[in-house]
Amino acid sequence: MRSAIEGVMGLFPASVSEGGGVLSFRSLDAGDERTVFETDMGAGGQTDEDRWAVHITREQGADLLQELSVRYGDPQRDYQPALQRARRQQGFAGNRGIIDSPLFLSGDRAKRQVEQMLALSWMKQETHQLRLTVDFASLEAGDRLAYQLDETTVRLLIEEMDIAPDGVLVSGYPVSTLPNLDFNSSATGNFTAPVVELVGSTEFQALDLPGLGTSREPSQVLAALAGGSPGWRGGSVYLSRDGGETYDILVSSRVAAIMGEVLTFLPQGPSAYWDEQNEIRVRLMRPDMQLESRTSLAVLNGANRIVAGNEIIQFRDAFLDADGSYRLRGLLRGRNGTEWAMNGHQPGERFVLLDGGGLVEMTVPESLLGQSMLIKAVSVNNLLNDADPETLSYQGRSLMPLAPVHVKASREGQDLVVRWVRRTRQSGDWVDGRDVPLGEERELYELDILDAGQVVRTISTSQPELIYSVADQVADFGAPRAEIEGALYQVSALVGRGFSWTGLL
């Protein structure tokens, strides 16, 4: 009986009083109102302050509810579980509450009641306590008192009473106009039977690219999961270490990443300024996935990052064509040091929006670096055995140092002095005027001297400069050359050589 009463009062509050073994319930606006004069106050107090004061307790606004929800059954929708929310527009409280009601209500009625409950919770922010004479002993919870406080009339809804021989201790909260608790006619709705949609398969992309992982040991690689079916509700990726005999879960996601495919060939373009000549045509996996245009400033601040193939690109303008595909223009190419991937684009290659949500980090054990592994992408509610295995090769690109830049060579005598500027994979924003962090265990570079593409000498150094002596030039080529082909790398203690700069010195 108690739980049933509490279930009803959780959404339909009432004042409860007991007398003669009988519980009486009254709506909050049905009680009597008595006026309290100064001569009625102070009974039973020990001191003047205690006798005549109205003791006020006030909760901090941050402790109150900003949002209240109710779960209930909706008979207009085949008695299926439903939820309605009420949210206070003012204030900075971030707390949320929920009422699990056993009642079956229309959506309109549930919405109205949860709005009233949220309003009542804020009315109870301030509690008043005062001592009255025994003449007020006939009052009950739910009655109201009216008294003057700082030249303002306060109306107090009584919550508790403590009756003693020398007086009555009353506590409650001030109310102005109570929320309307009268029943109103609610709108009827037509129930549409739920459509069971196919879950479909899960598409998985491992974004093993520089500047996207967050740690080094073990490796963190961003993963994108999505499904083309409207019934897709998430998926998991499983990894096999024994050729497909057993599989262990690697990563899961319940949010679809915005993914698709590139439809046309993307030529190489500039990486140091806007590429206004080329465009990317893409088709997303589902019609509910969208791309949007952003301002040039927003793009320069990091917006609209995508992966096309293995190149990280940013776009400014997105145009939706009649066939549902998008044309992306105003490109920034080779972002995060992926200028090495600007060549080799092909129609049908992968497309992933990096700042569209739905990306998760997966931990790839360091022992799998450079190896191929079997994986299975399995949709929620599908079976592992029903998914076809795929081969994933983990190259550790997210751990590879970026290619050096601003490579310059000059002659000092006949020696060739080569200098450059290093880059970093981690925290590369130049915000304090200082050099970016190294991002590696130690600083090490290697320069390959090439002759018709073949390595004739490798020079190592721990500084961003080196000397290719005239003696070594004569030993390699028979005489100093005006131009020398070279390939320059920063070296990682974990994965070895990073991405290369190649050119003429």
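Observations, loosely collected:
- Within the full protein context, the accessible area of R316 is estimated at about 40 Å² for a probe radius of 1.4 Å.
- Across the range 438-453, computed HN-Hα scalar couplings (Karplus, 6.51 cos²θ - 1.76 cosθ + 1.60, θ = phi - 60°) run 5, x, 10, 5, 8, 9, 8, 9, 9, 10, 8, 8, 10, 10, 6, x Hz from first to last residue, x flagging Gly and Pro.
- The dipole here belongs to the chain: it is taken about the Cα centre, uses +1 on the Cβ of Lys and Arg and -1 on the Cβ of Asp and Glu, and is about 1300 debye.
- A simple charge model with +1 on the Cβ of Lys and Arg, -1 on the Cβ of Asp and Glu and nothing else charged puts the dipole of the range 275-401 at about 200 debye relative to its Cα centre.
- The sum of -39500 (n - 2.57) across all DSSP H runs of n ≥ 4, divided by the residue count of the chain, sets its helix-only mean residue ellipticity at 222 nm to -2500 deg cm²/dmol.
- With Cα atoms, 0 to 90° folded angle of helix 107-123 axis to the chain main axis: 80
- In this structure the chain gives 53 Å² per residue of accessible area when probed at 1.4 Å with all protein chains present.
- Qualifying GluC sites (Glu not before Pro) in the range 447-505, DSSP loop, other Cβ atoms within 10 Å at most 12: E483
- The gain in end-to-end length when the S293 to Y273 segment is fully stretched comes to 5.4 nm, 0.36 nm per residue minus the alpha carbon separation.
- Near R305, the amide H atoms lying under 5 Å from its own belong to L354, D355; only residues 5 or more places off or on other chains count, and H is placed 1.01 Å from N.
- Listed residues V360, G97, G453: farthest to the positive end of the dipole of the chain (Cβ charges): G453
- Cross-link partners of K111 among lysines (Cα-Cα below 23 Å; sequence separation of 8 or more within a chain): K124
- Sorting I306, I98 by solvent-accessible area of protein heavy atoms yields I98, I306, largest first, with a 1.4 Å probe.
- For log10 I(q)/I(0) by the Debye sum over Cα atoms at q = 0.06, 0.11 Å⁻¹, the value calculated from this model appears in [x] -0.55, -1.02; [y] -0.35, -1.05; [z] -0.31, -0.97 under label [x].
- Using heavy atoms of the protein chains and a probe of 1.4 Å, the accessible area assigned to D162 is about 90 Å².
- If only the Cβ of Lys and Arg carry +1 and only the Cβ of Asp and Glu carry -1, the dipole of the range 456-498 around its Cα centre is close to 140 debye.
- Residues whose amide H comes within less than 5 Å of that of T202, counting only those at least five positions distant or on another chain, are S379 (H built at 1.01 Å from N in the peptide plane).
- W501 accessible area, assembled protein chains, probe 1.4 Å, Å²: 50
- The chain: antiparallel DSSP beta bridges as a percent of all, rounded to 5: 90
The values are calculated or read from the model by the stated rules, or taken from the named source; none is laboratory data. No experiment lies behind these values; they were computed from the predicted model shown. Backbone-built Cβ (ideal geometry, glycine too); neighbour counts: all protein chains shown. Note: areas computed on protein heavy atoms with side chains; ligands, DNA, RNA excluded. Shrake-Rupley method; radii C 1.70, N 1.55, O 1.52, S 1.80 Å.
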